[in-house]
Amino acid sequence: FADLVLETWDLQCERNGQEHRTAEMGCQQLVVRRGQPFTITLHFSGRGYEEGVDKLSFNVETGPCPIETSGTRSHFAVTDFPEESAWSAVVQQQDGGSLSISLCSPPNARVGRYSLTLETSTGYQGTSCHIGDFILLFNAWHPEDTVFLRDEDERSEYVLSQQGLIYQGTRDYITSTPWNFGQFEDDILSICLKLLDTNPKFLRDQNRDCSRRNDPVYIGRVVSAMVNCNDEDWGVLAGRWDNHYEDGMSPMAWIGSVDILKRWKKFGCQPVKYGQCWVFAAVACTVMRCLGIPSRVVTNYNSAHDTNGNLVIDRYLNEMGQEDRRSRDMIWNFHCWVESWMARPDLAPGYDGWQALDPTPQEKSEGVFCCGPAPVRAIKEGDLQLKYDIPFIFAEVNADVVYWVVQHDGSQKKSTHSSVVGKNISTKSVGRDSREDITHTYKYPEGSEKEREVFAKAEHKKSSLREEDEGLHLKIKLSEGANNGCDFNVFAVINNNTDTDRVCRLMLCARTASYNGTIGPQCGMKDLLNVTLTPRAEKSVPLCVLYEKYGESLTQDNLIKVVALLTEYQTGDVVVAIRDVYIQNPEIKIRVLGEPMQKRKLVAEISLVNPLAVPLNNCMFVVEGAGLTDGQRIKELEEPVEPQAEAKFRLDFVPHQAGLRKLMVDFESDKLTGVKGYRNVIIAPQPK
């Protein structure tokens, strides 16, 4: 027989991409999911392949030093009886000189970039030919994959959806901000693989690191550490919380991960400035979805940062209601992290499913700034000893807050009110733009028998201060929303739940604030020395907060913290109430004109009214949307926008992907920053 001569071959990127749900990554490269067959075609010149005469086999290799014992190299022959637990190749069909072969990886294969080599031999003569590279991802559709997710709607939301909503604001006023995850956009996959190849564990021992890339637990831990740059590694983002972002981008200005990851690559893996918790979480979510691990961003309201691990957050106030910064423990208005779905074969049964991963640099874990994966189930059950970092997240959702009021003589009074941590834990609903509350996955109902059992197991003595019916009650209420540029009222509502007259002093103080709990200057106060409450009565005391007072010191988080202190003269008891008021930005209006169809031009009319009493300078709109805009589109306005005038522009764009898409807009200016808006657009497929 003459030698078998390979003339051309086709990796069928487009067809395989459709079948493996990776088509949106483009058809320039072959991207497939593990455990699922993919087809390639070989064309031989001269004569075709003959079974029994010709021997065909393949070599797949990943990583810098592939070896079979590490699972980073495999050599396998074409066979009719493939094994499920190993790489395999089966002839699908033959047509003259052309041969279709179905290749399949085991469902626990290492993910990453592989090279594929074909070896042909006839008799003793053999030749080998490198026929290309392909990228292997995790497979949430395969029951044997450790990231298998049963529900198709959940898979399309948590693996395939390139856009989402992240919850911010305050516990009493939850806001959502759109985010462009963009995990299938150009170059993002190769950047995610580069991130794995610049992680310190890889640089220390490349072979060991690559051999562990079959395990989503390991990958999650690496990603959680690599999204921040706090370990002098080549991390993606630098965090900053002090409201000075002039030498970078303000964390509030980003609307997607794509821009951040591309900047990281472009500037030689130098950290991108700047991130805060939702930015870290969203970038980690993009990387995990890109690699095929189902992931979502979650927000915890009133999130405790317990630095000394005693599950108690002590806050100190002076008699004017000002915070005294003697404690490193903080309460964040909200804190975002990521949940990723995976099995935990490294733990006892029962801990598979959602795992919390927190890439925001807060505390070190095994010497590195990373956190998780922590099984959400273990957090709920108070199993603090399991891997990884459960005590820290348990504290974020369960710690007790005690307010101490420091009198002018230095003595301290404990407030009779215990503020509440771990509220309204939120994530975007599957397939809809609404909020799903997942608090019940992290904790049992307050006051329940199960909650007591969990706290006993975690050695957490929750203070028994439930809202008592006796004594004095204090709440802060808001009559209507607070809009940027406008004055607004807050009310201290006091209830006397006793049968006697009570005489008190009421201190009401408003200060601008950042979402991580730090406080700015005062922007409104009232000190009433003589408040008399008749038995069983309610009294409401207003405080007007003026724009001329808060406008200058409002941070980009748009928060005002209102503290009320009620001191009863007879007993000296102190009651504290705190409320965070979210100052609403104006709405960005987006109109889409034209018939939304793939590869056909559309026009978006984008506008916003300046709500402030001063002109806005250096106005800029930034627009992006995966599958819609082909990267970011930036429009700088030449003229200032006068008070109550409209900033607007028209954007032409040609959608290149069909389906439900989000067009996202960010508006920046000197006085109004980080204003977000989005519009859902359903793009019809191009007629065939």
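Determine which single condition Pro373 fails, assuming it passes every other condition in (1) over 22 Å from Phe334 (Cα atoms); (2) in contact with a Lys or Arg (Cβ under 9 Å, 6 or more places away or on another chain).
(1)
Restricting to region 284-310, give me the number of residues that are open to solvent by 20 Å² or more (accessible area, probe 1.4 Å) and of a type in the set (S, T, N, Q).
Residues meeting the conditions: 4.
Of all the residues that make up region 612-638, how many are in a loop (DSSP other than H, G, I, E, B) and under 22 Å from Ser257 (Cα atoms)?
8
Given the conditions (1) crowded, with 22+ Cβ neighbours inside 10 Å; (2) within 20 Å of the chain's Cα centre (by Cα), report the number of the one that Glu363 does not fulfil.
Single failed check for Glu363: (1).
Considering each residue of region 653-688, count those that are open to solvent by less than 40 Å² (accessible area, probe 1.4 Å), part of a loop (DSSP other than H, G, I, E, B) and touching a residue at least 60 places away in the same chain (Cβ under 8 Å), and give that number.
Count: 4.
Within region 374-383, track down each residue that is assigned to a loop (DSSP other than H, G, I, E, B) and open to solvent by 10 Å² or more (accessible area, probe 1.4 Å).
Hit for region 374-383 is Asp383, nothing else.
Being under 20 Å from Val31 (Cα atoms), assigned to a strand (DSSP E or B), among the polar types (S, T, N, Q) and without any contact (Cβ under 8 Å) to a residue 40 or more places away in the chain narrows it down to one of Ser115, Ser100, Ser74, so name that one.
Ser74
Taking region 271-321 on its own, how many of its residues are touching a strand residue (DSSP E or B) at 6+ places or on another chain (Cβ under 9 Å) and either free of Cβ contacts under 8 Å to residues at least 60 places away in the same chain or of a type outside the set (A, V, I, L, M, F, W, C) (or both)?
27
Which residues, counting only those in region 459-507, are of a type in the set (A, V, I, L, M, F, W, C), at pLDDT below 90 and part of a loop (DSSP other than H, G, I, E, B)?
Passing the criteria: only Leu465.
Just the residues that are without any contact (Cβ under 8 Å) to a residue 40 or more places away in the chain, in a loop (DSSP other than H, G, I, E, B) and either in contact with a Lys or Arg (Cβ under 8 Å, 6 or more places away or on another chain) or open to solvent by 60 Å² or more (accessible area, probe 1.4 Å) (or both), please, taken from region 162-211.
Hit for region 162-211 is Asp205, nothing else.
Only one of (1) surrounded by fewer than 24 Cβ atoms within 10 Å (Cβ to Cβ); (2) in a loop (DSSP other than H, G, I, E, B) is not met by Cys371, so which one is it?
Here Cys371 clears every test but (1).
For region 27-57, how many residues meet the condition of being crowded, with 18+ Cβ neighbours inside 10 Å and more than 46 Å from the chain's Cα centre (by Cα)?
Selection size over region 27-57: 3.
For region 514-564, how many residues meet the condition of being open to solvent by 30 Å² or more (accessible area, probe 1.4 Å), touching a residue at least 60 places away in the same chain (Cβ under 8 Å), in a loop (DSSP other than H, G, I, E, B) and β-branched (Val, Ile, Thr)?
Result for region 514-564: 1.
List the number of the failed condition for Thr441; all other conditions in (1) surrounded by fewer than 20 Cβ atoms within 10 Å (Cβ to Cβ); (2) over 30 Å from Leu660 (Cα atoms); (3) touching a residue at least 12 places away in the same chain (Cβ under 8 Å); (4) not aliphatic (A, V, I, L, M) hold.
Going through (1) surrounded by fewer than 20 Cβ atoms within 10 Å (Cβ to Cβ); (2) over 30 Å from Leu660 (Cα atoms); (3) touching a residue at least 12 places away in the same chain (Cβ under 8 Å); (4) not aliphatic (A, V, I, L, M) one by one, Thr441 breaks only (2).
For residues that are within 21 Å of the chain's Cα centre (by Cα) and either open to solvent by 20 Å² or more (accessible area, probe 1.4 Å) or modelled with pLDDT under 95 (or both), tally how many sit in region 336-351.
Number of matching residues: 2.
Filter region 69-88 for residues that are open to solvent by less than 20 Å² (accessible area, probe 1.4 Å) and under 16 Å from Cys129 (Cα atoms) and give the result.
Of everything in region 69-88, just one residue is open to solvent by less than 20 Å² (accessible area, probe 1.4 Å) and under 16 Å from Cys129 (Cα atoms), namely Phe76.
So, in region 311-333, how many residues would count as being open to solvent by less than 10 Å² (accessible area, probe 1.4 Å) and either among the β-branched types (Val, Ile, Thr) or assigned to a loop (DSSP other than H, G, I, E, B) (or both)?
Matching residues across region 311-333 total 3.
Could you check region 384-428 and list, in sequence order, the residues that are open to solvent by less than 30 Å² (accessible area, probe 1.4 Å) and not in a strand (DSSP E or B)?
Ile390, Ile393, Phe394, Ala395, Glu396, Val397, Asn398, Ala399, Val421, Gly422
Please state which one of Arg21, Arg47 is in a loop (DSSP other than H, G, I, E, B), more than 30 Å from Val258 (Cα to Cα) and out of contact with any strand residue (DSSP E or B) (no Cβ under 6 Å at 6 or more places or on another chain).
Among Arg21, Arg47, only Arg47 is in a loop (DSSP other than H, G, I, E, B), more than 30 Å from Val258 (Cα to Cα) and out of contact with any strand residue (DSSP E or B) (no Cβ under 6 Å at 6 or more places or on another chain).
Filter region 12-26 down to residues that are surrounded by fewer than 22 Cβ atoms within 10 Å (Cβ to Cβ) and β-branched (Val, Ile, Thr), then give me how many there are.
Adding up the residues that qualify gives 0.
Output yes when any residue across region 129-152 is crowded, with 21+ Cβ neighbours inside 10 Å, free of Cβ contacts under 8 Å to residues at least 24 places away in the same chain and over 24 Å from the mean Cα position of the chain (by Cα), and no when none is.
Within region 129-152, not a single residue is crowded, with 21+ Cβ neighbours inside 10 Å, free of Cβ contacts under 8 Å to residues at least 24 places away in the same chain and over 24 Å from the mean Cα position of the chain (by Cα).
If we keep just the residues of region 639-652 that are outside any strand (DSSP E or B) and of a type outside the set (S, T, N, Q), which is least open to solvent (accessible area, probe 1.4 Å)?
Residue satisfying both the conditions and the ranking: Ala645.
In region 219-263, how many are part of a helix (DSSP H, G or I) and either open to solvent by 60 Å² or more (accessible area, probe 1.4 Å) or in contact with a His (Cβ under 9 Å, 6 or more places away or on another chain) (or both)?
2
Which number in (1) open to solvent by 10 Å² or more (accessible area, probe 1.4 Å); (2) modelled with pLDDT of 90 or more; (3) over 18 Å from Thr299 (Cα atoms) marks the one condition that Trp354 misses?
(3)
What number of residues within region 334-357 are of a type in the set (D, E, K, R) and part of a strand (DSSP E or B)?
So the count comes out to 1.
Among the residues of region 565-611, which ones are open to solvent by 50 Å² or more (accessible area, probe 1.4 Å), under 21 Å from Ser176 (Cα atoms) and either of a type in the set (Val, Ile, Thr) or assigned to a loop (DSSP other than H, G, I, E, B) (or both)?
Result: Glu587, Val609.
What's the number of the condition Asn516 fails, among (1) modelled with pLDDT of 90 or more; (2) polar (S, T, N, Q); (3) under 30 Å from Ala281 (Cα atoms)?
Of the numbered conditions (1) modelled with pLDDT of 90 or more; (2) polar (S, T, N, Q); (3) under 30 Å from Ala281 (Cα atoms), the odd one out for Asn516 is (1).
The values are calculated or read from the model by the stated rules, or taken from the named source; none is laboratory data. Predicted, not measured: the structure shown is a model, and the values here were computed from it. Virtual Cβ from ideal backbone geometry, glycine too; neighbours counted across all protein chains shown. Heavy atoms of the whole protein, side chains included, go into the accessibility calculation; ligands, DNA and RNA do not. Shrake-Rupley method; radii C 1.70, N 1.55, O 1.52, S 1.80 Å.
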